[in-house]
Structures are given as structure tokens and as C-alpha cells.
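First the structure, in the form of C-alpha cells, and then the observations on it.
The values are calculated or read from the model by the stated rules, or taken from the named source; none is laboratory data. Computed from a predicted structure; not experimentally measured. Here Cβ is always computed from backbone atoms with ideal geometry, including for glycine, and neighbour counts include all displayed protein chains.
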Amino acid sequence: MRGVIMYVPGDVRVEDRPDPTVQLPTDAIIRLTASCVCGSDLLPYRGQDQMSGPTPMGHEYVGVVEEVGTDVAAVTPGDFVIGSFFASDNTCEICQAGYQSRCIHAELMGAIGTQAQFARIPLADGTLVATPGMPDADVIPSLLAASDVLGTGWFAAVAAESRTGKTATVVGDGAVGLLGVLAARQLGAERIIAMSRHEPRQQLAREFGATDIVTERGDDGVAVIKKLTGGYGARSVIEAVGTQESMIQAIRATRPGGHVGYVGVAHDVMLPGDELFFSGVHLHGGPAPVRRFLPELIDLIWQRQIDPGKVFDLQLPLDAAADAYRALDQRRATKVLLTL
Ligand SMILES: [Zn+2]
């Protein structure tokens, strides 16, 4: 099969890789219909994450089941399926509590590499969710978004308790931040402030439900949020970047007693304990348990009530993956879909 390998930072190639096979009775093999490049793939690409040699890439996927191990009962060959970036058994106590990304048997799909024609899915019964039938081509980008960026934005909105009657603020205008706006709207937030200084992303934020756009950053951005919320700060803040500046901005924009849902992969973030102590805010986040939300998200997409696939603003064939990484790195694209 063809699949993406990153050799060193900045060096992405599409090569022949061995076809995956069922290794454990709980495995399934899927033929991917589409894959994509994630903001977190840029960490090794930019040399911000250590690499230990040539690495398969990709952790988002939708596709058709080709083969299943003898213990797999929930999906069968021919099913169209979606899974998250962590495989999970969905039966342990952590999974049952709704935190499947931290399942005691969790396996990182990025280590398998789903920017490829085929992929082995561990713990297939717990990991994969089948759609009601074969999807129309126009909903495939939205179903692929559910695999990570939508599920992650959704978790952020839930963790930030973006509910009816509340003002939600979203720090970060990447795909996750934009879908955090969509999620906050679906969950009933009445006012949604998107922090963005990029015109095309502001436009998409408005389409997804943002009522206000704030272009200021850091403490200037915090001052504007305070002004917009009667001096109190937002009740509900989504952090979707993962830098020191964005995390502090999110905490300072939240009123005492409010909630921060943080899902940006933290990179060198150090929180000052004294400021955290006196902030009086709830912090909840981490790697999103996307599996918890997949049935609900698939249903909303299937009923065409949400269109998260709009975040894909560039589509390239798998063999052009190097161009996809470049476009994302240079911020020429918000999210790149790889066709197979
Ligand atoms: Zn589990």
C-alpha cells in the first residue's frame, strides 16, 4: 500500500509500505476512504517534537472494514466506520466513565499511521463506530472531521460547560477552535466570542455560530473579553492552541467559578500556581475522548444538522501529502483532506 513516512523534520514522503494484517483477534483492517493532516502533525514537522527515525504519520481516518479478527463482533467487512486517534476497549472503568482516550489499553493511532491506503485498527469493537449505511460523498469530510477535530472541539465545549444561556469564548482559530465554536452553538451557548485575526477563519467562525470576533491577543484580548462580559470574564472558555500565551489568555479571560476546556496539545506550558489558585476557575481538558461523542456526532452529520467538513479548505491526493504538510505549515490551509 501507499503511506506517508516522515524521515526528519520537513521531509515527508509517500512510499510503499507493507499492507497491514490482523495481528490480534481484536483487530480490524480498514481501507481508508479519506485521511487528513492535523495541526499536531506539524510538531515533528517543525522539529518541535523529537523524532527517533522514519515514522509513519496520521491518526484521523474513515473507511470501509476489509477484514476482522475472530473476536470482533461489533463491525463486519463492508461497514463504513469512524474511529478516534486513540484505540480504546470502551469497557474498562476509564472508558465507562467517558475518558476513552485514557483507556488503560489505549493505543495511539499515530503510531500506526493512517495517512495510508489501509490501517490496522486495534480493539476494533471498542474503537470503531459504524455509520447507518454507506455515506454520500458530500458527508465524508464531515465524518472524517468527527475522527478528531470535531470530536476534540466538542469535548472542549463540554469541558468548558458551554451551555444554554452562557457566553463562550474560543481561544484559537485552527480547525479545533473553529469546531469548538460549532460545538458551543450546538450545546446552546447564546453568545460565542471567537478570538481570531485571520479574515477567512473569522468568516468560517461566523458560519459556525460565532457572534463576536476579537482580534486582540494576550492581555489585550483578555481586556476585550472582560469588556464584552460586563467586566466579569466569560463563564466558558475553550483553549485550542496549547501554548503558554493561549493557556494564560484562556485562564485570565474566564470569570471566577467559570470553566476552561483545554484541548490544544500543551507545548512547554508552565502554569503559575499562585495565579491559578486565586483565579478560582475550573480547568478540564486533555486528549479528547472523541469515542464518547462519536455516536451523537455521526447522527448529527447523518441528519445533515451540522457541516463540520467545511473546515477542510484544501483537498489533495495522498501522493501529494508533502504539499499538504507545506500548506498547513505555511498557514495557507486550515485543514487538508487527503483523498485515496
Ligand atoms: Zn478502556
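One line per residue, one yes/no per condition, for (1) outside any loop (DSSP other than H, G, I, E, B); (2) within 16 Å of the ligand (Cβ to nearest atom):
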| residue | (1), (2) |
| --- | --- |
| Asp49 | no, no |
| Ser52 | no, no |
| Glu60 | no, no |
| Ala74 | no, yes |
| Thr91 | no, yes |
| Ser101 | yes, yes |
| Ala119 | yes, no |
| Met134 | no, no |
| Val139 | yes, no |
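Per-residue answers, yes or no, for (1) in contact with a Cys (Cβ under 7 Å, 6 or more places away or on another chain); (2) hydrophobic (A, V, I, L, M, F, W, C):
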| residue | (1), (2) |
| --- | --- |
| Asp148 | yes, no |
| Thr167 | no, no |
| Leu178 | no, yes |
| Gln186 | no, no |
| Gln202 | no, no |
| Phe208 | no, yes |
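Among the numbered criteria (1) within 16 Å of the ligand (Cβ to nearest atom); (2) part of a loop (DSSP other than H, G, I, E, B), which single criterion is violated by Cys95?
Answer for Cys95: the failing condition is (2).
Any idea which residue in region 103-117 is farthest from the ligand (Cβ to nearest atom), counting only those that are part of a loop (DSSP other than H, G, I, E, B) and over 14 Å from Pro289 (Cα atoms)?
Among those that are part of a loop (DSSP other than H, G, I, E, B) and over 14 Å from Pro289 (Cα atoms), it is Gln117.
Of the residues in region 30-51, how many are surrounded by fewer than 21 Cβ atoms within 10 Å (Cβ to Cβ), modelled with pLDDT of 95 or more and farther than 20 Å from Ala320 by Cβ?
0
Does Asp79 satisfy the criteria of being among the charged types (D, E, K, R), surrounded by 21 or more Cβ atoms within 10 Å (Cβ to Cβ) and away from the ligand (no atom under 16 Å from the Cβ)?
Spelling it out, it is not the case that Asp79 is among the charged types (D, E, K, R), surrounded by 21 or more Cβ atoms within 10 Å (Cβ to Cβ) and away from the ligand (no atom under 16 Å from the Cβ).
Please go through region 16-39 and pick out each residue that is touching a helix residue (DSSP H, G or I) at 6+ places or on another chain (Cβ under 8 Å) and outside any strand (DSSP E or B).
Thr26, Asp27, Cys38, Gly39
Taking region 138-162, which residues are of a type outside the set (A, V, I, L, M, F, W, C) and within 18 Å of Val263 (Cα to Cα)?
Ser147, Asp148, Gly151, Thr152, Gly153, Glu161, Ser162
If you go through region 119-127 one residue at a time, do you hit one that is of a type in the set (Val, Ile, Thr) and surrounded by fewer than 24 Cβ atoms within 10 Å (Cβ to Cβ)?
no
Take region 76-89 and flag every residue that is out of contact with any Cys (no Cβ under 9 Å at 6 or more places or on another chain) and in a loop (DSSP other than H, G, I, E, B).
Listed by number, the residues that qualify are Thr76, Pro77, Gly78, Asp79, Gly83, Ser84.
Taking the condition of being among the hydrophobic types (A, V, I, L, M, F, W, C), surrounded by fewer than 17 Cβ atoms within 10 Å (Cβ to Cβ) and within 12 Å of Ala119 (Cα to Cα), how many residues in region 1-29 meet it?
1
Could you please tell me which pairs satisfy a Cβ distance under 7 Å, a separation of 6+ or placement on different chains, a first residue in region 96-123 that is within 14 Å of Asp148 (Cβ to Cβ), and a second residue that is assigned to a strand (DSSP E or B) and within 12 Å of the ligand (Cβ to nearest atom)?
Gln100/Phe86; Ser101/Phe86; Leu108/Phe86; Met109/Phe86; Met109/Ala87
Looking for something acidic (Asp, Glu), part of a loop (DSSP other than H, G, I, E, B) and at pLDDT 95 or above - is there at least one such residue anywhere in region 123-131?
So far as region 123-131 goes, no, none of its residues is acidic (Asp, Glu), part of a loop (DSSP other than H, G, I, E, B) and at pLDDT 95 or above.
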